[in-house]
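Q: There's a structure below that I have some questions on.
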Amino acid sequence: FAIVFSQVNTLFIEQAAVMDTDLGGGFHMPPASISLVNVLTIFACTVLYPWTVVPMARLATGRKEGLTHLQRLGLGIAATAAAVAVAALVETKRLSEAASGRRMGVMWLVPQEVVLGASQVFTIVGAMDFFYREAPHSMRGLVSALSLANLALGSFGSTLLVSTTMHFSTRGGRSPGWIPPNLNDGHVDYFYWLLFCITVADAAFFSLGAIWYTRLSTPSLVLSGQHPEV
């Protein structure tokens with residue numbers, strides 16, 4: 001999912017740059033400012049999570065905490081897939097409008113930014129909480145660092161995926177590929193559907209790991225960094 005998060009500061013901004021940024025009253029939104037929607041969504045969802053999601057989850061699961069860490073991560077990955085699906089649909093619509101000589105308003109990007117921001121609250125915060133609670137005491141610093149390193153690796157993975165996509169989409173003299181300098185000439189929507197398929201596969205592998213995983217069930221052992229016999 002870190003590969004998908006990298007699109008907030010790359011393709012999402014490139015989309016905004018070729019859209020109508022006029023918000024009325026002569027004010028034009030700088031394309032990079034669309035990322036602010038993602039940041040505000042993360043802040044709002046983090047504040048609202050214990051007051052909205054947890055009570056509803058308690059009714060469904062019967063757990064005091066509402067969702068387990070793995071359930072929270074799973075929902076986050078599912079929401080990530082939904083975000084890129086929304087992005088693909090919006091881009092398909094934008095390309096259709098561009099082909100007719102019209103420019104879509106930049107606010108059409110808000111839904112994908114909001115859904116992706118909400119998914120980050122589930123995945124990133126959930127992952128940090130999961131690693132901190134489940135890891136042995138002596139390894140908490142290491143696993144926390146690895147969790148953050150995942151985001152950095154996602155940026156490298158995104159670069160590799162874009163390069164690979166452009167290689168195959170321009171193979172045999174085909175031009176301009178899925179992600180050309182001018183997005184109106186390409187098919188970024190295809191790339192988003194590729195990300196959707198990758199994220200769905202990620203969710204499937206995660207589900208298998210979650211099913212096989214054995215949680216630390218004794219709070220005293222979690223605090224002391226010891227593992228119960230399983």
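The values are calculated or read from the model by the stated rules, or taken from the named source; none is laboratory data. Bear in mind that the values here come from a model prediction, so they are computed numbers and not experimental data. Every residue, glycine as well, gets a Cβ built from its backbone with ideal geometry; the counts of neighbours run over all protein chains shown. When the accessible area is computed, the model is the full protein with side chains, heavy atoms only, and any ligands, DNA or RNA have been set aside. Shrake-Rupley method; radii C 1.70, N 1.55, O 1.52, S 1.80 Å.
Q: Taking the C-alpha atoms of segment 85-140, how large are the radius of gyration and the largest Cα-Cα span, Dmax, in Å?
A: Final numbers for Rg and Dmax: 18.9, 61 Å.
Q: Across every pair of different alpha-carbon atoms, what Kirkwood hydrodynamic radius in Å does segment 41-157 reach?
A: 16.3
Q: Right, next: Could you please state how large a percent of the accessible area of the chain is carbon and sulfur, counting protein chains only and using a 1.4 Å probe?
A: Carbon and sulfur: 69 percent of the exposed surface of the chain.
Q: Then there is this: For a quick protection proxy, order the peptides 125-132, 179-186, 145-152 by their average other-Cβ count within 10 Å, most packed first.
A: 125-132, 179-186, 145-152
Q: Could you state the per residue volume, in Å³, of the convex hull enclosing the Cα atoms of the chain?
A: So the per-residue hull volume is 146 Å³.
Q: Can you give me the Cα centroid spacing of segment 1-20 and segment 117-180 in angstrom?
A: Comparing the Cα centres of segment 1-20 and segment 117-180, I get a distance of 14 Å.
Q: Taking only protein heavy atoms and a 1.4 Å probe, what accessible area per residue, in Å², does the chain have with all protein chains in place?
A: 55
Q: Another question about this same structure. Roughly how tilted is helix 110-120, in degrees to the nearest 10 and between 0 and 90, from the longest Cα axis of the chain?
A: Taking the Cα atoms of the chain, the angle to 110-120 is about 20 degrees.
Q: When the C-alpha atoms of segment 109-217 are aligned to their principal axes, what extent does each axis show, in angstrom, from largest down?
A: 57, 30, 25
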